[in-house]
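A quick write-up on the structure given underneath.
The values are calculated or read from the model by the stated rules, or taken from the named source; none is laboratory data. Because the structure is a prediction, the values reported are computed rather than measured. Counting neighbours? That spans all protein chains shown, and the Cβs are built from the backbone with ideal geometry, glycine included. Each accessible area value is taken on the protein alone, full model and side chains, heavy atoms only, with ligands, DNA and RNA left out. Shrake-Rupley method; radii C 1.70, N 1.55, O 1.52, S 1.80 Å.
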Amino acid sequence: MTLLNARRMSLPDNRASLRTHGAKVWKVLELSRTAGDFLAKRGIDAPRLTAELLLSHVLGCERIDLYMYFDRVVAQEKVSEFRELIRRRAEHFPTQYLTGSCEFMSLSFSVGEGVLIPRPETELLVEACIEVARDMEAPLLADIGTGCGAIAVAFLHELPAARAIATDISPVALEFARRNADRHGLSDRVEFLEGDLLESLRPGARSVDILAANPPYVTDGEFGTLQAEVRDHEPEEALVSGPLGTEFHRRII
Ligand code: SAH
């Protein structure tokens, strides 16, 4: 955390004005703990961690800084901002949508409503792709249903001579994917195409070295049983396949 941020967290000269507003003065760790306890009562997973992630997001610092600056006073407007995030998290709005980012393969990705939050298991798929491509001179990967671009971006980040084509049917997802390629300086090695599965690859009849996809696989029946975070907030078209769960895999194969 920069000194500037550290200062923003403390209000050494403002106690009088805070008191005149009659609002409670919150210190960093006390605020985080109280919010964590609240989330725990509301049945939210990893409540303390979640509260720390959201508070460090609001304060623009690292999680560890909450402990280093545990007794700093938090500015009232930051308390209000944090309170609003905690309220939404208690209603099962995903943490990653609240912070606008998530980590995948140790890279930070921009995410938000309308795009699937990449899952840790998908890192195994990227590792397998990298393994296959490592001995190729200039591998070309097609990432079908790219979402926020997680697979294509992480693959390209690891292999400097590789290129990728990333497709999705959702313009919102492609918007996030473009932003993420840009963020990691990879835009010149990836082409984004909007369309149904492999359709957009047909013009020009390109052949690719690796076809990677993490397509929707939740069955119609399973959808209702998913966690509220996923069912109520992540895009249904990124999750649900049909009666069997294998509809997309069959079409791709
Ligand atoms: N690859 C990303 C996203 C997986 S979710 C990740 O692993 O995090 C599945 C993605 O497939 C969603 O982004 C969804 O918009 C996209 N999708 C769904 N139906 C599609 C179709 N018919 N053609 C192309 N993409 C599709």
Out of all the residues in region 131-149, which are away from the ligand (no atom under 16 Å from the Cβ) and touching a helix residue (DSSP H, G or I) at 6+ places or on another chain (Cβ under 6 Å)?
Pro139
Within region 156-178, restricting attention to residues that are open to solvent by less than 70 Å² (accessible area, probe 1.4 Å) and away from the ligand (no atom under 11 Å from the Cβ), which residue is farthest from Phe248 (Cα to Cα)?
Ala161
Selection within region 51-106 - in a loop (DSSP other than H, G, I, E, B), within 18 Å of Lys41 (Cα to Cα) and touching a residue at least 12 places away in the same chain (Cβ under 8 Å):
His92, Phe93, Pro94
Considering only residues that are within 28 Å of Arg89 (Cα to Cα) and touching a residue at least 40 places away in the same chain (Cβ under 8 Å), look in region 179-226 and name the one that is nearest to the ligand (Cβ to nearest atom).
Asn214
For region 229-245, enumerate the residues that are farther than 24 Å from Arg87 by Cα and of a type in the set (A, V, I, L, M).
Ala238, Leu239, Val240, Leu244
A careful count of residues in region 80-94 that are surrounded by fewer than 21 Cβ atoms within 10 Å (Cβ to Cβ) and in contact with a Leu (Cβ under 7 Å, 6 or more places away or on another chain) gives 2
If we scan region 165-180, do we find a residue that is within 20 Å of Met105 (Cα to Cα), in a loop (DSSP other than H, G, I, E, B) and touching a strand residue (DSSP E or B) at 6+ places or on another chain (Cβ under 9 Å)?
no
Considering each of Thr99, Thr122 in turn, give the residue that is within 27 Å of Ala51 (Cα to Cα), within 11 Å of the ligand (Cβ to nearest atom) and within 18 Å of the chain's Cα centre (by Cα).
Thr122
Looking only at residues in region 117-151 that are among the charged types (D, E, K, R) and either assigned to a loop (DSSP other than H, G, I, E, B) or open to solvent by 10 Å² or more (accessible area, probe 1.4 Å) (or both), which one is nearest to Arg163 (Cα to Cα)?
Glu137
Residue count, region 227-246, condition under 20 Å from Ile169 (Cα atoms), part of a helix (DSSP H, G or I) and more than 9 Å from the ligand (Cβ to nearest atom), comes to 4
Answer yes if at least one residue in region 192-211 is at pLDDT 95 or above, assigned to a helix (DSSP H, G or I) and at negative phi, and no otherwise.
no
